[in-house]
Every structure is written in C-alpha cells, then in structure tokens.
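Every number in this text was worked out from the coordinates using simple rules, so none of it is lab data. Here the structure is a predicted model, which is why all the values come from computation and not from measurement. For neighbour counting, all protein chains shown are included, and Cβ atoms are generated from backbone atoms with ideal geometry for every residue, glycine included.
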Amino acid sequence: MQLSHGNFLSAILINPFGIIVGLIMIIAPIWISYDFIQKKETFYTAYLKIETIIRKRKVAIVLIVLVIANWIWNIKKNL
C-alpha cells in the first residue's frame, strides 16, 4: 500500500519481501509471454538455475533465517 502512494522507503521498512515479490509478479508474465512467442525456454532455464542455487544447504539456511527474521521483525512492529 505504501508503495502505491510513492512511499518506497516505508514500503521496504514494512515488508522488504513485498518489493521482490512485486517485481517478480511484473517481470515473470512478460518473460513467459516472450518465451511463448519466441518459442524459447529462457524462463524455465533461469528457473532451474535459481532452484539449483537455492537447493544448496548453506543458501537455503540463509534464506530461511532471513524469512524468520522478517517474521520476527514484523511481529515486533505489530504488523
């Protein structure tokens, strides 16, 4: 909501993951449409590469800790 009012900093402070998810929701359909029209698989290839990176134990642990830290931060802010 803050982002739609132009409050970028407030939006990041309220939910930093929201910006990332929002960008993915904008980029992914465009990218998938491009692949469909061009009959390519660049989105799928990128997805597989990203999944391979995320499946590494150390990376997965860091990401899980970041999500838990975000939950705790939001709970402390009473969100």
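Let me spell out the model: positive unit charges on the Cβ of Lys and Arg, negative unit charges on the Cβ of Asp and Glu, origin at the Cα centre of the chain. What dipole size does that give, in debye rounded to 20?
The dipole of the chain has a size of about 340 debye.
Under 28 Å Cα to Cα from residue 76, which lysines show up? Leave out anything in the same chain fewer than 8 places away.
Within the straight-line limit of under 28 Å, residue 76 reaches these lysines: 58.
Which loop-located trypsin sites (Lys or Arg not before Pro) does the range 3-79 contain, where loop means any DSSP state but H, G, I, E or B and the Cβ has at most 10 other Cβ atoms within 10 Å?
Passing both the DSSP loop test and the Cβ count: 39, 55, 56, 77.
Calculate, in nm to one decimal, what residue 54 and residue 39 gain on full extension: separation in residues at 0.36 nm each, minus their alpha carbon distance.
The residue 54-residue 39 span can extend by a further 2.7 nm.
Tell me which label goes with the value of Rg and Dmax of the Cα atoms in Å computed from the coordinates here: (i) 11.2, 34; (ii) 14.2, 48; (iii) 16.2, 48.
(iii)
HN-Hα J couplings of the range 45-52 from phi, Karplus 6.51/-1.76/1.60, θ = phi - 60°, integer Hz, Gly and Pro as x?
Working through the residues one at a time gives 4, 5, 4, 4, 5, 5, 4, 4 Hz.
Could you state the angle between the C-alpha long axis of helix 16-38 and the longest principal axis of the C-alpha atoms of the chain, as a value from 0 to 90 degrees rounded to the nearest 10?
So the inclination is approximately 10 degrees.
Would you mind checking the tilt of helix 57-76 against the longest principal axis of the Cα atoms of the chain, expressed as 0 to 90 degrees and rounded to 10?
Approximately 40 degrees, to the nearest ten.
Which one of 74, 36, 63 is farthest out on the positive end of the charge dipole of the chain, using unit charges on Cβ (Lys, Arg +1; Asp, Glu -1) and the Cα centre as origin?
63
Describe numerically, in nm with one decimal, the distance between label points set 7 Å from Cα along Cα→Cβ at residue 19 and at residue 69.
Distance between label points: 1.5 nm.
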